[in-house]
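Everything below concerns the one structure shown next.
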Amino acid sequence: LVTGVKHLFGLHHPGRNLRVYPDDVFIVSYPKSGNTWTRFLIANLLYPETPADFSNINRLTPDPEASSKRELERMPRPRMIKSHQYFDPRYARVICIVRDPRDVVLSSYYFQRKRGIIDDQYPLDRFAARFIAGDTGPYGSWGDNVASWLVTRQNRPGFVLLRYEDMLEDTARELNRVASFLELPADAERIANAVRRSAADEMR
């Protein structure tokens, strides 16, 4: 009954059943690949007068698995939407973040230990085997998830690929690529401010 009422009033989290508009832009990645950092960078680029923090990031760049259907429907367009989902043909404009899977599996391992999902003594090699098989979360394996985007969209219009390692090496350069993709007039100062505001210490 509660679930039915939530759906009736749009209070549920739509997840993959999100209503997609043609001008939506999706920030997609496998979990633990830099999506949160990228959301902060883009939010700070888009809204320089509203510094992004953990209290407003879901309003600036929402997550359909954390925001309600009602909230998502009321957002101004075009929307910048976070997603860990595998390929969805409805996503016309995509910023895809890819990180070295060896670092992803380690980050996932320590994150799940911290959250109590696995025990502190859980063997890393067993976790890595499960990770490769796609058995450590709801988004499939790293290989299948990432390949679903690269095979279908790489080097095509409406798609930009960000490598996490490139972002670490030169954040401003990679954010400039995002600004060009979004057709934003981003001068060097605006880019620098977005990078500074999205630094780890600022995010905390």
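Test of understanding: what is the full-extension gain from I132 to R115, defined as 0.36 nm times their sequence separation minus their Cα-Cα distance?
4.1 nm
Given that compact globular proteins tend to follow 2.2 N^0.38 Å, what is the ratio of the alpha-carbon Rg of segment 161-204 to that value?
With N residues counted in segment 161-204, Rg over 2.2 N^0.38 Å equals 1.13.
At a 1.4 Å probe radius, carbon and sulfur cover how many percent of the accessible area of segment 14-58?
51
Quick one: net charge of D125's neighbours, Cβ under 15 Å, K/R +1, D/E -1?
Result for the neighbourhood of D125: +2.
Using only Cα positions of the chain, each an equal point scatterer, no hydration layer, compute I(q)/I(0) via Debye at q = 0.16 Å⁻¹ and quote the log10 values to two decimals.
Cα-only, vacuum Debye calculation for the chain: -1.15.
Positive end of the dipole of the chain, charges at C-beta (+1 Lys, Arg; -1 Asp, Glu), about the Cα centre: which of Y30, Y91, L72 has its Cα farthest in that direction?
L72
T152 label point, 7 Å along Cα→Cβ, cut-off 17 Å on backbone N: hits in segment 18-59?
Output list for this probe position: 18-31.
For segment 26-82, what does the alpha-carbon gyration tensor say about shape, rounded, prolate or oblate, given a ≥ b ≥ c as the root eigenvalues, a/c under 1.5 as rounded, and a/b over b/c as prolate?
Since a/c reaches 1.5 but b/c is at least a/b, the shape of segment 26-82 is classed as oblate.
Report Rg (one decimal) and Dmax (nearest whole number) for segment 23-136, counting Cα atoms only, units Å.
Calculated on Cα positions, Rg and Dmax stand at 16.0, 46 Å.
Treating the beta-carbon of each Lys and Arg as +1 and of each Asp and Glu as -1, no other charges, what is the dipole magnitude of the chain about its Cα centre, to the nearest 20 debye?
In debye, rounded to 20, the chain gives about 640.
How large is the accessible surface per residue of segment 40-150, computed with a 1.4 Å probe and reported in Å² as a whole number?
Each residue of segment 40-150 exposes 52 Å² on average to a 1.4 Å probe.
The values are calculated or read from the model by the stated rules, or taken from the named source; none is laboratory data. Model, not experiment: these values are computed from the prediction. Here Cβ is always computed from backbone atoms with ideal geometry, including for glycine, and neighbour counts include all displayed protein chains. In case anyone asks, the SASA skips ligands and DNA or RNA and just uses the protein heavy atoms, side chains included. Shrake-Rupley method; radii C 1.70, N 1.55, O 1.52, S 1.80 Å.
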